[in-house]
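Taking it in order: structure first as structure tokens, then the write-up.
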Amino acid sequence: MTQAAPPDAPPPRVLKVVVLPTLLAPAAVWLARAGSGPILLPLLATLAIYPVLALLIARRRRLAAVVATLLWAASLSASVIALTARRPDAMQPVVLGGAAYRDEMFEFIRTGQGRESDPIRFLPQHALHLGAFCVLALVSAGLLGIALGAVLVGYMSFYVGSLAAAGGSPALAFALGWPPWAVLRVVAFVVLGVVLAEPLLGAALRRVRPAPETSSPRRPWYLTAAALLVADAVLKLTLAPGWATLLRRCLNP
């Protein structure tokens, strides 16, 4: 006799849906590269994840929505990094803010000085990004928050790919280009994006398909995101100067 799956276990079709954005994100990057202008990448990347996100939230699969979005972000980043490492010049027009962020980070790596290690400069920027992301996610049922997230992941990944192409140590660039505090920030934004999308998206979906409200409390998710953001700031303040020294070997003199 086949043993029944536990009530909380996601059915196989949910697992397939979770993996789908991982496969669609590289296609979005390739299509954006074949097109023109920096708006195409966040637009296509958003289309690759948002229908899945909406479906999982409609099914009250909050954890699955978080996992799907994280897989999407990782796949999007890996695709941008890979293409940029091969042809930075071809990817530069595709990634919004990519060249400016790359130049800022390269200067920081060479000198050890810059916003990356100065809390008076990087904390206001973090707060601005966080505030914009939360407002956009809340008022658009997550849609515009995902678009902003695609921009942030895109220019960070363009910098990592450019670092790998800079002529020093590509292996070190791939391994350390995404610092741990930035990864924590991405996870925090994903958690916030999912829970902030639920009120408007859930209300809209209930009008189409009424269902009893059975979602779990959101407070633990907000607390998790807050803890990740605090860890992000503390790690960045503590480790960023030494991280620049490690990455200096990725750049030609």
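The values are calculated or read from the model by the stated rules, or taken from the named source; none is laboratory data. Worth saying up front: this structure is predicted, and the values here are computed from it rather than measured. Reconstructed Cβ throughout: ideal geometry from the backbone, glycine too, with neighbour counts over all protein chains shown.
Looking at Thr224, Thr245, Thr214, can you tell me which residue is modelled with pLDDT of 95 or more and at negative phi? On inspection, the qualifying residue turns out to be Thr224. Considering only the range 214-229, how many residues are in a helix (DSSP H, G or I) and surrounded by 12 or more Cβ atoms within 10 Å (Cβ to Cβ)? Total satisfying the criteria: 8.
Here's a check for you: in the range 74-93, which residue that is out of contact with any Phe, Trp or Tyr (no Cβ under 9 Å at 6 or more places or on another chain), among the small types (Gly, Ala, Ser) and buried (at least 16 other Cβ atoms within 10 Å of the Cβ) is nearest to Ala166 (Cα to Cα)? Break it down stepwise before answering.
So the first thing to find is which residues in the range 74-93 are out of contact with any Phe, Trp or Tyr (no Cβ under 9 Å at 6 or more places or on another chain), and the list is 74-76, 78, 82, 86-87, 89-90, 93.
Okay, now just the ones that are also among the small types (Gly, Ala, Ser), so 74-75, 78, 82, 90.
Filter again for buried (at least 16 other Cβ atoms within 10 Å of the Cβ), leaving 74-75, 78, 82.
On the way: Ala74: 22, Ser75: 22, Ala78: 17, Ala82: 13 Å.
Taking the candidates together, the pick is Ala82.
Checking each residue in the range 94-111 for being surrounded by 15 or more Cβ atoms within 10 Å (Cβ to Cβ) and either in a loop (DSSP other than H, G, I, E, B) or among the small types (Gly, Ala, Ser) (or both) picks out Val94, Val95, Leu96, Gly97, Gly98, Ala99. Within the range 27-39, not a single residue is closer than 21 Å to Val191 by Cα, in contact (Cβ under 8 Å) with a residue 12 or more places away in the chain and assigned to a helix (DSSP H, G or I). Quick one: would you say Ala78 is within 29 Å of Ala175 (Cβ to Cβ), modelled with pLDDT of 95 or more and in a helix (DSSP H, G or I)? In short, yes. Annotation for the range 200-207: no member residue is at pLDDT 95 or above and of a type in the set (Lys, Arg).
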